[in-house]
Amino acid sequence: MAQRQSLAWKELRVGILVTASFLLLAVAFFLIGGDTGVFTPKYNIFVDFASVSGLRAGQDVQLEGVSVGSVGAVKLINDSIPSRAVQVQLKLEKKFQGLIHTDATASIGQIGLLGDQVVNLTRGSADKPPVPENGSIASS
């Protein structure tokens, strides 16, 4: 009987240790992730381009050189206007929504020597309203 209680106590201690380790690992992920984590509030805007030159989902979106989000999706659209052949969804951090106005523009550029694609945004005029959720801006 005493041996069975000793075995149960050992199993309980191992279980507590494993649970505490997982909790510590989860806290570390949140602290390392900072503001750019999965749970950061985001909003979507859309941009139509004639060509996206290899742009893929997950690539960086920058406003004046500062990372403000990522590319959500890139899809072909059936539009008779050639300048609107590809629609790009931008997932931007909600805290930057007031900085991007309806006359803002988006362009595709490269960063680094490897040529990774990035979407560069301009702010637009301060006297124009901010881009609403699921709104769109022009490409340049």
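The values are calculated or read from the model by the stated rules, or taken from the named source; none is laboratory data. Not measured: the values here are computed from a predicted model. Counting neighbours? That spans all protein chains shown, and the Cβs are built from the backbone with ideal geometry, glycine included. Just so you know, the surface numbers come from the protein's heavy atoms only, side chains and all, with ligands and any DNA or RNA stripped out. Shrake-Rupley method; radii C 1.70, N 1.55, O 1.52, S 1.80 Å.
A crude spin-label estimate for the pair VAL18 and LEU114, with each label 7 Å from Cα along the Cβ direction, gives 3.7 nm. Taking the charge dipole of the chain about its Cα centre, with +1 at Lys and Arg Cβ atoms and -1 at Asp and Glu Cβ atoms, the residue from LEU23, LEU99, SER51 reaching farthest to the positive side is LEU23. Rounded to the nearest Hz, the phi-derived 3J(HN,Hα) couplings of the range 89-103 under the Karplus curve 6.51 cos²θ - 1.76 cosθ + 1.60 (θ = phi - 60°) are 8, 10, 9, 10, 5, 4, 5, 9, 4, x, 8, 9, 9, 4, 9, where x marks glycine and proline.
Cross-link partners for LYS75 among the lysines, with Cα-Cα distance under 29 Å and sequence neighbours closer than 8 places in the same chain left out: LYS42, LYS91, LYS94, LYS95, LYS128. Close amide H pairs (under 5 Å, H built 1.01 Å from N) link THR102 with VAL131, residues at least 5 positions away or on another chain. Candidates ILE81, ALA138, GLY115 compared by Cα position along the dipole of the chain: farthest toward the positive end lies GLY115, with charges placed on Cβ.
Rounded to the nearest 20 debye, the dipole size of the chain about its Cα centre is 620 debye, using +1 on the Cβ of Lys and Arg and -1 on the Cβ of Asp and Glu.
Probing with 1.4 Å while keeping every protein chain in the model, the per residue accessible area of the chain equals 66 Å².
Subtracting the Cα-Cα distance from 0.36 nm times the residue separation, let me have the gained length for TRP9 to SER80 in nm, one decimal. Write down the numbers at each step before the final one.
On the way: separation 71, 0.36 × 71 = 25.56 nm, distance 7.20 nm.
Answer, rounded to one decimal: 18.4 nm.
Counting only alpha carbon atoms, the long axis of helix 2-33 and the longest principal axis of the chain meet at about 20°.
Scan (i) 16.0, 59; (ii) 23.1, 82; (iii) 20.3, 63 for the value of Rg and Dmax of the Cα atoms in Å calculated from this model and give just the label. Read-out taken from this structure: (ii). In this structure the amide hydrogen of ASP116, modeled in the peptide plane, comes within under 5 Å of the amide hydrogens of ILE111, none closer than 5 places in sequence on its chain.
Highest mean first, the peptides 88-99, 63-74, 124-135 sorted by other C-beta atoms within 10 Å per residue fall in the order 88-99, 63-74, 124-135.
Note down the relative contact order for the chain as a percent, whole number, built from C-alpha pairs under 8 angstrom at least six residues apart.
On the way: 244 pairs, mean separation 35.2, N = 140.
Relative contact order, the chain: 25 percent.
Each Lys or Arg adds one and each Asp or Glu takes one away; over the other residues whose Cβ falls under 15 Å from the Cβ of ARG56, this sums to 0. Can you send over the carbon and sulfur percentage of the accessible area for the chain, probe radius 1.4 Å, protein chains only? Its accessible area is 62 percent carbon and sulfur atoms.
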